[in-house]
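These notes are about the structure you will find just below.
The values are calculated or read from the model by the stated rules, or taken from the named source; none is laboratory data. Predicted, not measured: the structure shown is a model, and the values here were computed from it. Cβ placement follows ideal geometry from the backbone for every residue including glycine, while neighbour counts extend to all protein chains displayed. Side chains are part of the model used for accessible areas, which takes the heavy atoms of the whole protein and leaves out ligands, DNA and RNA. Shrake-Rupley method; radii C 1.70, N 1.55, O 1.52, S 1.80 Å.
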Amino acid sequence: MRLVFAGTPEVAVPALDALIASDRHEVVAVVTRPDAPAGRGRRLVASPVAERAEEAGIEVLKPVKPRDEDFLARLREIAPDCCPVVAYGALLPQVALDIPAHGWVNLHFSLLPAWRGAAPVQHAVLAGDEITGATTFQIERGLDSGPVFGVLTEEVRPTDTSGDLLTRLAFAGSGLLVATMDGIEGGSLKAVPQPEEGVTLAPKIEVEDARIDWAAPALRVDRVVRGCAPAPGAWTVFREERLKVMSAAPAAEYDGPALPAGELAVTKKTVHVGTGSHPLQLLWVQPQGKKPMQAADWARGVRIAAGEQLGG
């Protein structure tokens, strides 16, 4: 099939590479978000998908909105058979959905109908799911509600961050997306409606959602730290400044004094903090305006006094 691939961030690149490598399909163009300011100089930078497409000599379309007439006209000229999508990041209007003969097919990183929305992997980690996966489905006007072509499953490991899990799903899902294109092209694959039961939503994780509640059980705090890594990053307050908690671990061998929620206990090599159940060990933190550092180095530098707490 003639394909127009839509995607924006780094997580979409493995699927684009897999489709480019396919001997059954041709990626004739890529749709991605417009260049965005990045870095200290705030210069405009192309998306990872745009950069990869340009390296491969593939036409890149960067509509401000996918309902722009110039974009729609060019898409009609290209006349794709299908438009595979991975994390494009913009709402597609019906007029665009109607252009390819086989519509737009999304690779979504959850087992639909669970975790419909922008942050399925983060919510799976936050919820403590033991199994998640990826789904290919036909895009329609509803939020991730279209009929399903295929699924794969993936174990959520006890130490997984959202970044770890998303990376594995991106590579595994690329094979699922190619297989879906093959099945559509060969006529062997038909989409099946999603069940009405089991729908959960996964809205974008905002910065305030990533604030740690030290009165919560250690298991919940651990999930927030892992679920919000690498972005937006779990955080707390120390001496009226924001402190990012980049990684932590259950303190199975902690033998110090009982710690109230948020209270710190420091040795030469460890930093523990109390929670609503048992303490957690802080491993890496990032003070406001500084680079990430090991928690023990941070604690040594700020000279934590007895009884000091995180959380404000």
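Any residue that is part of a loop (DSSP other than H, G, I, E, B), crowded, with 16+ Cβ neighbours inside 10 Å and modelled with pLDDT of 95 or more - is there at least one of those in segment 12-20?
Looking for residues that are part of a loop (DSSP other than H, G, I, E, B), crowded, with 16+ Cβ neighbours inside 10 Å and modelled with pLDDT of 95 or more, one finds none in segment 12-20, hence no.
This table checks each residue for (1) touching a Phe, Trp or Tyr at 6+ places or on another chain (Cβ under 9 Å); (2) free of Cβ contacts under 8 Å to residues at least 60 places away in the same chain.
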{"residue": "218", "(1), (2)": "no, no"}
{"residue": "221", "(1), (2)": "yes, yes"}
{"residue": "232", "(1), (2)": "no, yes"}
{"residue": "253", "(1), (2)": "no, yes"}
{"residue": "262", "(1), (2)": "yes, yes"}
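Contact list please: Cβ distance under 6 Å, first residue in segment 88-105 and within 15 Å of residue 29 (Cβ to Cβ) and in contact (Cβ under 8 Å) with a residue 40 or more places away in the chain, second residue open to solvent by less than 60 Å² (accessible area, probe 1.4 Å) and not in a loop (DSSP other than H, G, I, E, B), pairs at least six apart or on different chains.
Note: pairs meeting the criteria are 88/6; 88/7; 100/82; 100/83; 104/83; 104/85; 104/97.
Tell me, which residue of segment 261-272 that is within 33 Å of the chain's Cα centre (by Cα) and open to solvent by 30 Å² or more (accessible area, probe 1.4 Å) is modelled with the lowest pLDDT?
Among those that are within 33 Å of the chain's Cα centre (by Cα) and open to solvent by 30 Å² or more (accessible area, probe 1.4 Å), it is 269.
So in segment 156-168, with the set limited to residues that are in contact (Cβ under 8 Å) with a residue 24 or more places away in the chain and over 30 Å from residue 26 (Cβ atoms), which one is most open to solvent (accessible area, probe 1.4 Å)?
159
Can you tell me which residue in segment 187-208 is surrounded by the fewest Cβ atoms within 10 Å (Cβ to Cβ), limited to those that are among the acidic types (Asp, Glu) and either in contact with a strand residue (DSSP E or B) (Cβ under 9 Å, 6 or more places away or on another chain) or closer than 24 Å to residue 225 by Cβ (or both)?
208
For segment 91-113, how many residues meet the condition of being open to solvent by 30 Å² or more (accessible area, probe 1.4 Å) and part of a loop (DSSP other than H, G, I, E, B)?
Counting residues in segment 91-113 that are open to solvent by 30 Å² or more (accessible area, probe 1.4 Å) and part of a loop (DSSP other than H, G, I, E, B) gives 6.
Out of all the residues in segment 35-90, which are open to solvent by 40 Å² or more (accessible area, probe 1.4 Å) and of a type in the set (Ser, Thr, Tyr)?
none
Going by what's in this entry, would residue 149 be described as more than 19 Å from residue 226 (Cβ to Cβ) and under 18 Å from the mean Cα position of the chain (by Cα)?
In short, no.
Residue 130 - would you say it is exposed (fewer than 15 other Cβ atoms within 10 Å of the Cβ), under 24 Å from residue 233 (Cα atoms), out of contact with any Phe, Trp or Tyr (no Cβ under 6 Å at 6 or more places or on another chain) and in contact (Cβ under 8 Å) with a residue 12 or more places away in the chain?
Taking the combined requirement at face value, the residue satisfies it.
Kindly provide the set of residues from segment 169-186 that are open to solvent by less than 50 Å² (accessible area, probe 1.4 Å) and farther than 23 Å from residue 96 by Cα, ordered by number.
Correct list: 169, 170, 172, 173, 174, 175, 176.
Residue 249 fails exactly one of the following numbered conditions: (1) assigned to a loop (DSSP other than H, G, I, E, B); (2) surrounded by fewer than 15 Cβ atoms within 10 Å (Cβ to Cβ); (3) in contact with a Leu (Cβ under 7 Å, 6 or more places away or on another chain). What is the number of that condition?
(1)
Would you mind finding the one in 210, 179 that is touching a Pro at 6+ places or on another chain (Cβ under 9 Å), small (Gly, Ala, Ser) and without any contact (Cβ under 8 Å) to a residue 40 or more places away in the chain?
210
Name the single residue that is farthest from residue 77 (Cα to Cα) among those in segment 21-34 being crowded, with 17+ Cβ neighbours inside 10 Å and in contact with a strand residue (DSSP E or B) (Cβ under 6 Å, 6 or more places away or on another chain).
Applying the filter and picking the extreme gives 25.
Please give the number of the condition residue 275 fails out of (1) part of a loop (DSSP other than H, G, I, E, B); (2) surrounded by fewer than 22 Cβ atoms within 10 Å (Cβ to Cβ); (3) over 23 Å from the mean Cα position of the chain (by Cα).
(2)
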